[in-house]
Amino acid sequence: MILVGQYDSPYVRRVAVSLRVLGFDYEHDTRSVFADFDAMRAVNPLGRIPALVLDDGEVLIDSAAILDWLDQTVGPERALLPPSGAQRRRGLRRIALATGAIDKIGAAAYERMIRPAALRWPEWTLRCLTQGTGAIAALAAEPWPAEERLDQAQITTTCMIRYVRMADPDLLPPGRFPTLDALSERCESHPAFQATRPADYVLPRNP
Ligand SMILES: N[C@@H](CCC(=O)N[C@@H](CS)C(=O)NCC(=O)O)C(=O)O
């Protein structure tokens with residue numbers, strides 16, 4: 001199968017980490033969602049990453065749908081999201097906070113880096129940052145026991161932390177939330193995270 005999208009996208013990265021943790025082999029198509037927009041739209045009509053091209057040619061789009069397919073494929077014992085009950089609700093809440101933080105802090109970063117200066121809307125940016133940092137604070141207040149098995153809430157939250165530290169480092173400096181620092185350090189030392197660690201955040205930039 002082929003994973004389309006670069007690892008500076010936390011959505012691509014959470015899929016890549018999950019594929020590796022669950023033992024799937026994949027090829028990596030690193031076309032750029034911005035620089036290769038038309039080619040990207042040929043894979044995903046939305047022109048977004050990630051997409052996963054299965055061996056029979058079926059194309060899965062949206063990281064949540066891809067992760068759902070992975071969990072269904074490996075079955076409930078190995079699934080990265082618990083199949084039901086309070087554990088599943090807890091996992092889904094954490095994942096919603098982490099992906100919400102990515103969306104809001106990402107929107108503010110797009111505003112700052114891509115939108116021409118004259119068209120920026122500071123109140124909107126501030127609202128996005130308030131939402132994103134609120135979600136991060138809520139995640140920091142959750143317990144993240146070191147002995148817990150690696151699951152999707154940990155994977156997505158760790159991908160979010162790395163993303164925020166690339167997109168807007170001042171929002172999540174080391175030391176502000178020791179629980180999240182510990183989670184991130186633990187997960188980032190795992191081979192699946194090391195193999196997918198993005199060095200930089202690649203965006204077209206406007207002055
Ligand atoms: N809900 C989607 C979000 C994916 C997403 O936001 N991807 C970003 C990269 S991090 C993207 O493709 N951005 C380009 C665009 O939307 O134009 C998912 O979970 O896959």
Check your understanding: Looking only at Leu172, Leu81, Leu119, which one moves most when the chain is put into a Gaussian network model with springs between Cα atoms under 10 Å?
Key -> Leu119
Review point. Just in the range 1-109: which GluC sites (Glu not before Pro) are loop by DSSP and have at most 12 other Cβ atoms within 10 Å?
Key: Glu58, Glu77
Review point. Relative contact order, percent, of the chain when contacts are C-alpha pairs under 8 Å separated by at least 6 residues?
Key: 25
Check your understanding: Can you run phi through the Karplus equation (6.51, -1.76, 1.60; θ = phi - 60°) for the range 37-44 and list ³J(HN,Hα) in whole Hz, with x for Gly and Pro?
Key -> 4, 5, 5, 5, 5, 5, 8, 10
**Study point:** Surface/4 of the Cα convex hull for the range 18-60, nm²
**Key:** 3.3
Exercise for review: Name the long-range amide H neighbours of Val33: under 5 Å, sequence gap of 5 or more, or other chain; modelled H, no Pro or chain starts.
Suggested key: Gln6
Check your understanding: When the chain is fully extended, how far beyond the present Cα-Cα distance does Leu54 get from Glu123, taking 0.36 nm per residue of separation?
Key -> 20.6 nm
Exercise for review: Could you grab the relative contact order for the range 95-172? Cα pairs under 8 Å, six or more apart, rounded to a whole percent.
Suggested key: 47
Exercise for review: Over the alpha-carbon set of the chain, work out the extent along each principal axis and list the three values in angstrom, largest first.
Suggested key: 52, 42, 28
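Every read-out reported here was derived from the displayed coordinates using simple, explicitly stated rules and does not represent laboratory data. Since this is a predicted model, take the numbers as computed values, not measurements. Neighbour counts are summed over all protein chains in view; Cβ atoms, including those assigned to glycine, are modelled from backbone coordinates with ideal geometry.
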